[in-house]
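Report on the structure given below.
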Amino acid sequence: MIEKIFDFRLRKNILTAVIGIVGIVYSFQLIKMQILDFTAYSTQSDNNSIKKKPIQAPRGIFFDRNLDVLVSNKPTYNLEITPAIYDTTQNSIIEKVIYSESGTINNIFEKNKIYSKYLPRIVKRDLNFNEVVWFEEHNQLLKGLDIIVEMQRDYNYGVKGSHIFGYLREINSIQLEKESKIYDLGDFIGISGIERSYENILRGSKGFEFILVDSRRKTIGKYLEGLNDIQPVKGKDLILTIDKTAQETAEQEFIGKTGSLVAIEPSTGEILAYVSAPEYDLASFAAFTSREEIKKLSSDPQKPLFDRAANSIYPPGSTYKMLGAIIGLEEHLIDENTMVYCGGGFQFGNRFFKCHGRHGSINVETAIEKSCNTFFYKLILEIGLDRWAKYLRMFGFGNKTGFDLGFEAKGIVPDTDYYDRAFGKNKWTKGTLVSLGIGQGEFSVTTLQLAQYAALLANSGKTKIPHVLQGYIEGMKNTEFNVAYKDKTVNVSQKTFDLVREGMFKVVNGNGTARHIRLPNINIAGKTGTSQNPHGEDHALFIGFAPYENPKIAIAVIVENVGFGGTHAAPIAQKVIKAYLENLEGNNYNVAGVN
């Protein structure tokens, strides 16, 4: 009996001890959770209610060479939806409020389904006042919706500049995958023009704010009063080479026309004006551009998205003739006293090549002034194809200029290899050269190349690679930094340049084909051209520079499908030259009547 009692008490004591030990362990864990781990659990709880929200960095703005604003930023209200907490039964209501087609929200979700449902999707950009008010009034009822304020491009400064400035578009999945450390879903990225070429310095660095949100993911305040927030760093402001007055004038002159214009400061290669017409409205791209809108513009027969100034190629026509003269003079095939007879054309084999007049015996200077075809028909046969091609490449034809916005055509400079490939070895005749002698045939150039050529003529063979970025502004102190560019030079004697420049002077100020654009108080030198077009009216061309004595601007103009260069292209050049020099020097150059 005693043994049973002892056994019972032993079991009781052991059980009590076990229970006590377990109780001590649980008590210790409870104390640890409540006291020792309080900070950790508290932080975890806070993190569950903290939202890390990116703050977009304002893009750098564009100034012209005189620090007039060309492109800036303005605030805009955007609607974003977080799919994980959004009630899709609200779709029809939301789509009516934002005037979107039925299914818009689902389409956006489907398009971005590869991303986390906790990443917000931009549903509409640039909400109007009434839309913002409606969402604010219904804020507590709309789970998963937020109105965010971001900066949007503002182009309301009098200059279109669509092919210089370029446009932005929401980053696509391929780009986002490559640049996920820099960009987020919904970010905008430069697609063309300056926006693309200088994206890395324009975009800046985004910041982040940490906000407290409730269970509905609605903002209830700043986390730690914003002490942990990271402020964005604005993109660098760019100082462009563009002159606003010259650009506005050029754009105005090309309204209703198709073609392009490039004006350059001869000594620096700085582009003063750059137009490709028709243009497109950059403001329509600022908020949101769908693939359908891009497709519509791309299929437009006028091709407004296409940069004609750098990518369309044309035979240069008679604007080439100064280069033909340079080759002849430098190779000692002619000199200033060489006389060539023009009886209205040139017979070569069985074909008669016409000239537009009967000029009699003329020298090289008069041949440029009168634009005599016969003189240059005969000259190229003396020069020969490959020697001719060598000089053309030296002046930048047949190669990219190195333009800082990229995407430019090389043009065509035919040589022996070119014709051998086209027609077969020894299956083309010397007569092929005759048309090249007046800038026709397979020889093709861009407007940008012609402008560089005009700059080289104006500044006696010395310029720099054409460019639109002069420098940028950085930091709170607005420190300016200039960008350096490579020299572009040609090895031609000053005597030769003086001779062909004198011929160009007489084109405008003598009895040449552009005499109607002369100005009473400024000397313009230039050369008209007409580019043969097998598909319709010929293209009108003009290159020139001014003032003749100390050139400040060189220019190239091409107007498509209109006829003669003297009639259609030269007057445009005159107005841009006049506007630029008046703005530069503060003078008023009265325009002679245009015939």
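Derivation of every value follows stated rules applied to the coordinates shown; laboratory data play no part. Just so it is clear, the model here is predicted, and its values are computed rather than measured. Neighbour counts are summed over all protein chains in view; Cβ atoms, including those assigned to glycine, are modelled from backbone coordinates with ideal geometry.
Less than 10 Å Cβ to Cβ from ILE55, Lys/Arg counted +1 and Asp/Glu -1: what total charge do the surrounding residues give?
Details: positive: LYS53, LYS206; negative: GLU150, GLU209, ASP229.
Neighbour charge sum, excluding ILE55 itself: -1.
Report ³J(HN,Hα) in whole Hz for each residue of segment 299-307, in order, from the Karplus equation J = 6.51 cos²θ - 1.76 cosθ + 1.60 where θ = phi - 60°; Gly and Pro get x.
Coupling constants for segment 299-307: 8, 4, x, 7, 6, x, 7, 7, 7 Hz.
Using Cα pairs closer than 8 Å and at least 6 residues apart in sequence, work out the relative contact order for the chain, in percent.
RCO, the chain: 13 percent.
Ignoring everything except DSSP H segments at least 4 long, calculate the 222 nm mean residue ellipticity for the chain; use -39,500 (n - 2.57) per segment, divide by total residues, nearest 500. Kindly include the intermediate steps, with their values, before the conclusion.
On the way: 23 runs with 210 residues, N = 595.
The helix contribution divided over the chain gives -10000 deg cm²/dmol.
For each pair in LYS552/LYS575; LYS53/LYS206; LYS390/LYS488; LYS124/LYS222; LYS51/LYS236, compute the distance between the two Cα atoms and list the pairs where it is over 19 Å.
Numbers: LYS552/LYS575 15 Å; LYS53/LYS206 10 Å; LYS390/LYS488 16 Å; LYS124/LYS222 26 Å; LYS51/LYS236 29 Å.
Pairs exceeding the cut-off: LYS124/LYS222; LYS51/LYS236.
Work out from phi, with θ = phi - 60° and the Karplus expression 6.51 cos²θ - 1.76 cosθ + 1.60, the ³J(HN,Hα) of each residue of segment 126-133, listed in order in whole Hz, and give x for Gly and Pro.
So the J values, rounded to whole Hz, are 6, 5, 7, 4, 5, 5, 4, 4.
Segment 500-541 to segment 64-126: how many Å between their Cα centroids?
The two parts, judged by their Cα centres, are 53 Å apart.
Only four residue types carry charge here, +1 at the Cβ of Lys and Arg and -1 at the Cβ of Asp and Glu. Report the dipole size of segment 333-450 about the Cα centre in Debye, rounded to the nearest 20.
The dipole magnitude comes to about 480 debye.
Which residues in segment 181-197 have a backbone N closer than 19 Å to a point placed 7 Å from the Cα of VAL483 along the Cα-to-Cβ line?
189-197
Take the alpha carbon atoms of segment 403-423, find their center, do the same for segment 335-385, and report the distance between the two centers in whole angstrom.
So the separation of the two Cα centres works out to 27 Å.
Express as a percent, rounded to the nearest 5, the fraction of DSSP beta bridges in the chain (both residues included) that run antiparallel. Before the final figure, lay out the partial values.
Values: 76 of 79 bridges.
Among the beta bridges of the chain, antiparallel pairing accounts for roughly 95 percent.
How many nm is it between the label spots at GLU336 and ILE55, if each spot is 7 Å from the Cα in line with the beta carbon?
6.8 nm
If one takes the longest principal axis of the Cα atoms in the chain, at what angle in degrees, from 0 to 90 and to the nearest 10, does the Cα axis of helix 321-330 lie?
70 degrees
Would you give the gap between the C-alpha center of segment 292-319 and the C-alpha center of segment 167-211, rounded to a whole Å?
Centre-to-centre distance over Cα atoms comes out at 27 Å.
Please give the helix 447-458 orientation as an angle from the longest Cα principal axis of the chain, in degrees from 0 to 90, rounded to the nearest 10.
That works out to roughly 60 degrees.
At a 10 angstrom cut-off on C-beta neighbours, averaged per residue, how do the peptides 389-397, 403-411 rank from highest to lowest?
Details: 389-397: 20.7, 403-411: 18.3.
Top to bottom by mean Cβ count within 10 Å: 389-397, 403-411.
Take the residue pairs LYS430/LYS527; LYS296/LYS410; LYS74/LYS181; LYS370/LYS506 and return only those whose Cα atoms are more than 19 Å apart.
Among LYS430/LYS527; LYS296/LYS410; LYS74/LYS181; LYS370/LYS506, the Cα-Cα distance tops 19 Å for LYS430/LYS527; LYS296/LYS410; LYS74/LYS181.
Cα to Cα, under 17 Å, and not fewer than 8 places away if on the same chain: which aspartates and glutamates meet these conditions relative to LYS495?
Straight-line reach from LYS495, under 17 Å: GLU330, GLU331, ASP335, GLU336, GLU365, GLU549.
Highest first, please rank the peptides 486-492, 172-178 by the mean number of other Cβ atoms sitting within 10 Å of their residues. Working shown, then result.
Working: 486-492: 14.3, 172-178: 12.6.
Per-residue Cβ counts within 10 Å, averaged per peptide and sorted highest first, yield 486-492, 172-178.
Would you mind counting up the charge near PRO83? Only other residues with Cβ under 10 Å from its Cβ, with Lys and Arg at +1 and Asp and Glu at -1. Display every interim value, and only then the final one.
Working: positive: LYS113, LYS117, ARG121; negative: none.
Once all neighbours under 10 Å are counted, the net charge is +3.
Lys and Arg at +1, Asp and Glu at -1: add these up for the other residues within a Cβ distance under 10 Å of SER162 and post the number.
Values: positive: LYS160; negative: GLU251, GLU279, ASP281, ASP307.
Surrounding charge for SER162 is -3.
Distance in nm between label sites at ILE147 and LYS425, each 7 Å beyond Cα in the beta-carbon direction?
The answer from the label model is 7.6 nm.
Read through the labelled values (i) 3, 14, 21, 17, 13, 10, 8, 5, 3, 2, 2, 1, 1, 0, 0, 0; (ii) 3, 15, 26, 27, 18, 8, 3, 0, 0; (iii) 3, 14, 21, 24, 21, 12, 4, 1, 0 and report the label of the one computed as P(r) over Cα pairs in 10 Å bins from 0, in percent from the structure.
The value computed from this structure is option (i).
Obtain the nm distance between the two label points defined at LYS303 and VAL132 by a simple spin-label model: each point lies 7 Å from its Cα along the Cα-to-C-beta direction.
According to this spin-label approximation, the distance is 4.2 nm.
For segment 263-277, in order, what is each residue's ³J(HN,Hα) by Karplus, 6.51 cos²θ - 1.76 cosθ + 1.60 with θ = phi - 60°, in whole Hz (x at glycine and Pro)?
Along segment 263-277, the couplings run 10, 10, 6, x, 6, 10, x, 6, 7, 8, 8, 8, 10, 10, 10 Hz.
What dipole magnitude, in Debye to the nearest 20, does the chain give about its Cα centre under +1 on Lys/Arg Cβ and -1 on Asp/Glu Cβ?
Details: 69 positive and 67 negative charges, 237 e Å.
Computed charge dipole of the chain: roughly 1140 debye.
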